[in-house]
Amino acid sequence: MCGIIGIVGRDEEDVVVDLINGLERLEYRGYDSCGVAVVTGGSILRARAVGRLQNLKAKLDDSGLSGCVGIGHTRWATHGKATENNAHPIMTRDVAVVHNGIIENHKELRFDLQNDGYIFETDTDTEVAALFLQREMDRGASHRDAFRRLLKNIDGSYAFGVLFNALPNAIVAARHRSPLAVGLGRMTCVGSDAASMSGMCDKIIYLEDGDQAEISTNGVSFFDKNFQHVERKVHKMSDNWADSDKGKYPHYMLKEMMEQPNAIRKTILHNQMDHHILDGVSRILILACGTSYHAGMVARYWFEKFLKIPTNVEMASEYRYRSPIIEDGVMAIIVTQSGETIDTLEAMEHVRRNGCSRVAAIANVKNSAISRSADFVFYTEAGIEVGVASTKAFTAQLTILAEMAFHQHEFLLRELQNIPTLCEEILLSHDRLKEIAENIQKANSVVFLGRGALYPIALEGALKLKEISYIHAEGFASGEMKHGPIALVDDSVPVVCLCPHDELFDKNVSNIQEALARGSNIIVLSDSSGSPLLPAEVTKIILPRVQSELAPILYPVPLQLLAYYVALLRGADVDKPRNLAKSVTVE
Ligand code: M6R
């Protein structure tokens, strides 16, 4: 949420084009507004725009803004509406600030600064940081002292990039509970992630919590939370951003859905389970948010059935507001695509503080905050996922969780190897889903039903539909319908039912009958053996037959496609749905 890039160029080279390129790769973090600022000729100049980056580009074409040191920002609004006035960089006379995070004590600081005669021009929490720096410098502090006083006085989370008028060759940066890294190479950069600096840098240094960095034409210095000089580990930057254009597809989401067979194959190939990983584990605790949480929910069915280990799955955003009891022998598994979701990261730290000594992560982004801090990591080999709606990362997460669950069940592991081919079958012939999308696009509300390990897939189907098409959708456990939700159902509410021909088939058919009796328009996802046994009135989608334990990896695929086609018909921006961001780094 919010992306930051800062660049110190070499040999008086203009950095504005590189700032825009960096922001393009950060837009997945927020796209409410964007802006850049450069220090040039002893003063700071900026350009900002509401909405997508192309609006800023158009402004920059007209303005001729240039400079060899600059910062840029793409915003996901927290405090203050998505207006140009609230867009970053936020400026005062002598500083420009870009910020990701939330300054929790912004009200108190605002009050103090106003009492001291400073006038606020935006509704953002970030402006207190800019004016605080200005006030300290007005009182005679050096830029470094002003910055340190700011960090001592703010509560909350931050990644900052700051330009000072008085320091025309430098960017000052700091982070606390928001990601930030320094890149070294053709340019010296600071950015929210490796991708933002790719093409300019080949080495990356991740700031630790509380770290500050001063980046200038003379090099980079790092300071820890006690303001002591420190050295930080330099990593080689793997430049795989090149894989991430849309290729022949109109949307990242479609491309990423199509990449699922290979993502699953690669994930199987790169993750041979060590049989000792679960030695001494008496309980598994899975922590995750959103789609990753749904993957964790499926895993609970698998782990309890095949590993015989009690498993809890917790929404990371809620978990740390409880007082969890962590017995000896608990292994936490953190599931995340980005590896930087703040709720998940905080839950991970919470579980450690409460005595959990074994923390594994399943992550897609290498070297992300969560993967760096886990005791061991399993990487989903899904490649960069750009579309806000998670697709290939989800089925790859399920693949790793299945490998863990089935590691002593040769037959199921062999069946897992067939999933990519079955997935291909669905992806290659899904015209029926386009027809069904025509009906669903007119609905105001859609219900998704599943039983057993397909219940979380019903939740996931509903999440996909609501996040990209903005149609209200809810997933329910089929058996729960009669306990309340069936009251929602009439002929205007399509019901999508996940109904493979497995041991729960007959029970699912009973639930379908109950909904039919209420006039529902029912779409059933089943297979060639289940389909002839379904009531004639339902619309059928026939999927390849799959070993029932593995259905949760296959059944999300048609639901993703359905959501995609509904969103297209409704003219929604599939890759960048309103109000969302790919990476959720604020609470
Ligand atoms: O990067 P993470 O897996 O930790 O992200 C968790 C959720 O924010 C994410 O899955 C979100 O729900 C997706 N937009 C769903 O498509």
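The values are calculated or read from the model by the stated rules, or taken from the named source; none is laboratory data. These numbers were taken from a predicted model, which means no experiment stands behind them. Cβ coordinates were reconstructed from backbone atoms using ideal geometry, including for glycine residues, and neighbour counts include every protein chain displayed. The area values use the complete protein model at the heavy-atom level, side chains included, leaving out ligands, DNA and RNA. Shrake-Rupley method; radii C 1.70, N 1.55, O 1.52, S 1.80 Å.
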Any hit, the range 412-420, residues being free of Cβ contacts under 8 Å to residues at least 24 places away in the same chain, open to solvent by 40 Å² or more (accessible area, probe 1.4 Å), of a type in the set (Lys, Arg) and over 25 Å from TYR470 (Cα atoms): yes
Matching residues, the range 97-121, being surrounded by 19 or more Cβ atoms within 10 Å (Cβ to Cβ) and polar (S, T, N, Q): ASN100
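Just to be sure, is ASN262 within 24 Å of VAL365 (Cβ to Cβ), open to solvent by 80 Å² or more (accessible area, probe 1.4 Å), under 25 Å from the mean Cα position of the chain (by Cα) and not aromatic (Phe, Trp, Tyr)? Step through it out loud before you land on a result.
Details: within 24 Å of VAL365 (Cβ to Cβ): yes; open to solvent by 80 Å² or more (accessible area, probe 1.4 Å): yes; under 25 Å from the mean Cα position of the chain (by Cα): yes; not aromatic (Phe, Trp, Tyr): yes.
When the stated conditions are applied, ASN262 passes them.
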The one condition in (1) aliphatic (A, V, I, L, M); (2) in contact with a Ser or Thr (Cβ under 9 Å, 6 or more places away or on another chain); (3) in a helix (DSSP H, G or I); (4) open to solvent by 30 Å² or more (accessible area, probe 1.4 Å) that ALA58 fails to fulfil: (2)
Enumeration of residues in the range 309-328 that are farther than 11 Å from CYS289 by Cβ, modelled with pLDDT of 95 or more and outside any strand (DSSP E or B): ILE309, PRO310
Any chance ALA389 is within 19 Å of the chain's Cα centre (by Cα), at pLDDT 95 or above and closer than 30 Å to SER478 by Cα: yes
Candidates GLY461, GLY479, filtered to the one that is farther than 30 Å from VAL386 by Cβ, under 33 Å from the mean Cα position of the chain (by Cα), part of a helix (DSSP H, G or I) and small (Gly, Ala, Ser): GLY479
The range 49-90, residues that are over 28 Å from ASP11 (Cβ atoms) and touching a His at 6+ places or on another chain (Cβ under 9 Å): ARG75, HIS79, ASN86, ALA87, ILE90
Filter pass, ILE400 being hydrophobic (A, V, I, L, M, F, W, C), assigned by TED's automatic domain parsing to the domain that holds MET348 and without any contact (Cβ under 8 Å) to a residue 40 or more places away in the chain: no
The lone exception for LEU278 - which of (1) surrounded by fewer than 23 Cβ atoms within 10 Å (Cβ to Cβ); (2) of a type in the set (A, V, I, L, M, F, W, C); (3) within 14 Å of the ligand (Cβ to nearest atom) it fails: (3)
Meets criteria (of a type outside the set (A, V, I, L, M), open to solvent by 30 Å² or more (accessible area, probe 1.4 Å) and outside the structural domain of SER43 (by TED's automatic domain parsing)) for PRO168: no
Every residue from the range 97-154 that is under 18 Å from GLU587 (Cβ atoms) and either of a type in the set (Lys, Arg) or part of a strand (DSSP E or B) (or both): HIS99, ASN100, GLY101, ILE102, ILE103, LYS107
Whichever residue in the range 302-322 is over 22 Å from the mean Cα position of the chain (by Cα) and either farther than 19 Å from PRO456 by Cα or hydrophobic (A, V, I, L, M, F, W, C) (or both) and, among such residues, is farthest from the ligand (Cβ to nearest atom): LYS308
Long-range neighbours under 8 Å by Cβ, at least six apart or interchain, first residue closer than 16 Å to LEU413 by Cα within the range 301-319, second more than 16 Å from the ligand (Cβ to nearest atom) and β-branched (Val, Ile, Thr): PHE303/ILE284; PHE303/ILE309; PHE303/THR311; LEU307/ILE284
Where ALA551 falls short, out of the listed (1) crowded, with 21+ Cβ neighbours inside 10 Å; (2) at pLDDT below 95; (3) among the small types (Gly, Ala, Ser): (2)
Hits in the range 1-59 - residues which are more than 20 Å from ASN86 (Cα to Cα) and of a type in the set (A, V, I, L, M): ILE7, VAL8, VAL15, VAL16, VAL17, VAL39
Filter result (more than 11 Å from the ligand (Cβ to nearest atom), open to solvent by less than 10 Å² (accessible area, probe 1.4 Å) and in a strand (DSSP E or B)) within the range 348-362: VAL359, ALA360
Unique match (being assigned by TED's automatic domain parsing to the domain that holds ALA129, touching a residue at least 12 places away in the same chain (Cβ under 8 Å) and open to solvent by less than 10 Å² (accessible area, probe 1.4 Å)) among GLY51, GLY35: GLY35
Which listed residue, of ASP112, ASP11, ASP94, is under 24 Å from GLY199 (Cα atoms) and of a type in the set (Asp, Glu): ASP11
Residues being within 10 Å of the ligand (Cβ to nearest atom) and among the aliphatic types (A, V, I, L, M) - total across the range 451-467: 1
Qualifying position, being within 11 Å of the ligand (Cβ to nearest atom) and open to solvent by 20 Å² or more (accessible area, probe 1.4 Å), among VAL335, VAL377, VAL386, VAL365: VAL365
Hits in the range 202-220 - residues which are of a type in the set (A, V, I, L, M, F, W, C) and either under 23 Å from the mean Cα position of the chain (by Cα) or open to solvent by 10 Å² or more (accessible area, probe 1.4 Å) (or both): ILE204, ILE205, LEU207, VAL220
